[in-house]
Amino acid sequence: MSDRGGRCSDLVGLLDGKTIIVTGVANRWSIASGIARRLHAHGARLILTYQGDRVEDAVRDHAEEFGGAPVFECDVTKDSSLRALAAGAGKIDGLVHSIAFVKKEDLSGKVYTTSRDGFAMAMDISAYSLIALVGHLVDNLNDGASIMALTYLGSGQIVPNYNIAGIAKAALESTVRYLAFDLGERGIRVNAISAGPIKTASSRQVAGFSAMPGKVAAASPLKRNITIDDVGNVAVYLASDLSSQVTADVHFVDAGYHAMGMYPEAAS
């Protein structure tokens, strides 16, 4: 059962009293949306962000489902936008980084054809943005807060056509570890969530993505695809005090696919 604001009344409020910023909620089908939904279900007060007028109305409409969550612009390429977010957000107990961008032409073909501009843009928006966000919000973060970033298997393994996105995710994961060290003295934890393939507007930009979910489900130990709510459940754990000693790590939510070294049929 749920109340009008979407909170499930029969769930333990693991996040009661916590305020968490969730970036990247582009629409109801995005991974960030699934995370926001599960965080709110466990009692978190949410702050949502948007980048660009094109998605502002959709994010504001979506925020009503979370009890009228405050909404701020967050253009990670502009320090002025990040300063405004920090000024308006107040004290927070968590930050979800679900921001990435790669030019479509760099999500197919050969890595060595990537333009200098395309590489710089991918690294700036997909990786440096976490540094920029934390740098501007460091005084907003309460001691013991939790920061989490969304990553993908292509950061450490070859996923055809993921290309520069995978390289940027590798940089993001390294950033997670170094930030975890820098913020550890305040008890602030920094982790990454590596989600399996989910059909979103962003993932469909990767050439050949449509075949990925079926292949991953067939090869994974749990023989299934994951959902945005599955990712959200792990985000609840990382945002809560249950993970108070967990930091500087990548947490896979992919039905175990990341552990496979060979497709089952190849070994039979």
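I'd like the orientation of helix 228-239 relative to the chain: the angle between its Cα long axis and the longest Cα principal axis, in ° from 0 to 90, rounded to 10.
Between the helix axis and the principal axis of the chain, the angle is about 50 degrees.
Work out the length of the dipole vector of the range 19-255 about its Cα centre, built from +1 on the beta-carbon of each Lys and Arg and -1 on the beta-carbon of each Asp and Glu, and round it to the nearest 20 debye. Working shown, then result.
Details: 22 positive and 24 negative charges, 147 e Å.
That gives the range 19-255 a dipole magnitude of about 700 debye.
Is the shape of the range 79-199 best called rounded, prolate or oblate, per the rule: a/c under 1.5 gives rounded, else a/b larger than b/c gives prolate, else oblate, with a ≥ b ≥ c the square roots of the Cα gyration tensor eigenvalues?
Values: a/c = 2.49, a/b = 1.77, b/c = 1.41.
Prolate shape, in that a/c is at least 1.5 and a/b is the bigger ratio.
Angle, helix 53-63 long axis vs. longest principal axis of the chain, Cα atoms, 0 to 90°, nearest 10?
Roughly 60 degrees between the two axes.
Taking the Cβ of Val55 as the centre, find all other residues whose Cβ is under 14 Å away and add up their charges (Lys, Arg: +1; Asp, Glu: -1).
Numbers: positive: Arg28, Arg54, Arg60; negative: Asp53, Glu56, Asp57, Asp61, Glu73, Asp75.
Net local charge, Val55 excluded: -3.
I'd like the Karplus ³J(HN,Hα) series for the range 128-139: coefficients 6.51, -1.76, 1.60, θ = phi - 60°, whole numbers in Hz, and an x wherever there's a Gly or Pro.
Ordered by residue, 3J(HN,Hα) equals 4, 4, 5, 4, 5, 4, 5, x, 7, 9, 4, 7 Hz.
Could the peptides 231-241, 156-166 be put in order, highest first, of the mean number of other beta-carbon atoms found within 10 Å of their residues? Could you put the intermediate results ahead of the total?
Working: 231-241: 21.8, 156-166: 18.1.
So the order, starting with the most tightly packed, is 231-241, 156-166.
Given a Förster distance of 25 Å, report the FRET efficiency between Ile158 and Thr227 from their Cβ-Cβ distance, rounded to the nearest 0.05.
Rounded to the nearest 0.05, the efficiency is 0.45.
Give the shape of the range 19-255 as rounded, prolate or oblate, defined through the alpha-carbon gyration tensor: a ≥ b ≥ c are the square roots of its eigenvalues, a/c under 1.5 means rounded, and otherwise the shape is prolate if a/b is larger than b/c and oblate if not. Numbers along the way, then the final one.
On the way: a/c = 1.40, a/b = 1.28, b/c = 1.09.
Taking the square roots of the gyration eigenvalues as a ≥ b ≥ c, the range 19-255 is rounded.
For the chain, what does the helix formula give at 222 nm: sum of -39500 (n - 2.57) over DSSP H segments with n ≥ 4, over the residue count, nearest 500 deg cm²/dmol?
Details: 9 runs with 94 residues, N = 268.
That comes out to -10500 deg cm²/dmol.
Report the residues of the range 182-205 in range of a label on Asn27: point 7 Å along Cα→C-beta, backbone N strictly under 13 Å from it.
Only 199-205 fall inside the zone, counting backbone N under 13 Å.
Read-outs: derived from the displayed coordinates by stated rules, not from any lab. This structure is a prediction, so every number in the text was calculated from the model and none was measured. Please note: Cβ atoms are built from the backbone with ideal geometry, for glycine as well, and neighbour counts cover all protein chains shown.
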